[in-house]
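K.L.:
Next up is a structure, given as structure tokens.
The values are calculated or read from the model by the stated rules, or taken from the named source; none is laboratory data. Because the structure is a prediction, the values reported are computed rather than measured. Cβ atoms come from the backbone with ideal geometry, glycine included; neighbour counts cover every protein chain shown.
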Amino acid sequence: MSFDAKVFKVLIASPGDVDEERIAIPQIISEWNNNNAESNNVVLLPVKWETHSAPLLGDRAQGIINNQIVTSCDMAVGVFWTRLGSPTGVSESGTAEEIEWFIENEKPVMLYFSSRSIDPNKLDIDQYKALKEFEKKMRKIGLTGSYNNIADFKEQFLRQLSINVRNLLENNPVKKSTQKEVTEKAKELKKIIKQDAFYIEDYAKEGQIKSFLVKGNTTSIKDELKELGGKWNGRLNGWIFPISKKIEIAEFIKKSA
């Protein structure tokens with residue numbers, strides 16, 4: 001029999017080394033739907049870039065993914081094991097950029113780090129170091145979980161999924177904040193997430209975005225930024241460029257990172 005229901009989209013965010021988890025997450029969501037959808041009038045829809053995005057030119061790849069799927073989702077589950085992923089020109093990796101968006105928009109994020117054994121012959125040391133630095137930053141925000149095997153992950157995710165669905169239904173995942181508190185919180189989160197990195201940030205003036213900033217620890221690339229047409233803005237603490245150069249600068253940032 002049919003029933004009316006709210007549909008919540010769940011973004012699956014991860015690098016490419018957690019195939020088992022990416023297979024397991026839609027299965028767990030399906031199990032949750034089978035057991036809870038009708039009684040709660042809620043249906044959960046798993047969303048992955050490989051099934052919900054389409055090829056499109058005109059922007060960097062992660063920017064297109066963000067516009068097509070990330071910003072329409074209600075919650076996210078992020079999973080890591082040995083890799084963080086490739087820089088996007090805006091963040092340390094595509095997965096990190098997606099998680100950052102959910103944090104800044106105060107949407108639920110279920111973030112897990114695998115402690116399964118690792119084959120040292122297959123380990124990318126630079127990627128592993130970057131991942132551990134990212135994990136350290138996330139722990140400062142209090143968003144991380146860990147698991148030892150797939151069965152452990154499934155059990156944790158299913159239980160915590162129910163908690164977050166309940167919070168969404170009650171429309172009360174966090175206490176109400178004043179605009180000043182939200183602004184200060186966003187600044188602090190950006191400081192934690194972006195420390196020791198350089199990144200791109202849109203700059204709005206009179207309600208329109210006509211330029212963007214390259215911010216962060218840009219000392220090592222300041223000469224190149226100047227040659228590319230950037231102008232240092234001390235008040236905004238970043239290098240300012242016209243929006244027309246965004247793709248070019250994003251590619252440069254990606255290579256530099």
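K.L.:
Looking at this structure, is L111 part of a strand (DSSP E or B), closer than 29 Å to I64 by Cα and in contact with a Leu (Cβ under 6 Å, 6 or more places away or on another chain)?
P.N.:
yes
K.L.:
If I ask for residues that are touching a residue at least 12 places away in the same chain (Cβ under 8 Å), surrounded by fewer than 18 Cβ atoms within 10 Å (Cβ to Cβ), out of contact with any strand residue (DSSP E or B) (no Cβ under 8 Å at 6 or more places or on another chain) and not in a helix (DSSP H, G or I), which ones from segment 1-43 would you list?
P.N.:
The answer is F3, D4, G16.
K.L.:
Can you tell me which residue within segment 102-122, out of those that are surrounded by fewer than 19 Cβ atoms within 10 Å (Cβ to Cβ) and in contact with a helix residue (DSSP H, G or I) (Cβ under 6 Å, 6 or more places away or on another chain), is modelled with the lowest pLDDT?
P.N.:
E104
K.L.:
What are the residues in segment 44-60 that are crowded, with 17+ Cβ neighbours inside 10 Å and either within 18 Å of S14 (Cα to Cα) or modelled with pLDDT of 90 or more (or both), if any?
P.N.:
Scanning segment 44-60 gives L44, P46, V47, W49, H52, S53.
K.L.:
Moving on to the next point. Residue by residue through segment 205-223, note down the ones that are part of a strand (DSSP E or B), of a type outside the set (K, R) and surrounded by 11 or more Cβ atoms within 10 Å (Cβ to Cβ). Working first, answer last.
P.N.:
The initial filter retains those residues of segment 205-223 that are part of a strand (DSSP E or B), namely 205, 208-216.
Within this subset, residues satisfying the condition of being of a type outside the set (K, R) are 208-209, 211-214, 216.
Scanning segment 205-223 gives I209, S211, F212, L213, V214, G216.
K.L.:
Okay, moving on. Of the conditions (1) of a type in the set (G, A, S); (2) assigned to a helix (DSSP H, G or I); (3) under 17 Å from the mean Cα position of the chain (by Cα); (4) surrounded by fewer than 19 Cβ atoms within 10 Å (Cβ to Cβ), A96 clears all except one; give me its number.
P.N.:
All conditions pass for A96, except number (4).
K.L.:
Can you pull out the residues in segment 227-245 that are exposed (fewer than 13 other Cβ atoms within 10 Å of the Cβ), free of Cβ contacts under 8 Å to residues at least 12 places away in the same chain and not small (G, A, S)?
P.N.:
Residues satisfying the conditions are E227, K231, R235.
K.L.:
Would you please list the contacts, defined by Cβ atoms under 8 Å and residues six or more apart or on different chains, that run from a residue in segment 125-138 that is assigned by TED's automatic domain parsing to the domain that holds Y112 and closer than 14 Å to W81 by Cβ to a residue that is among the basic types (K, R) and modelled with pLDDT of 90 or more?
P.N.:
Pairs found: Q127/R83; Y128/R83; L131/R83.
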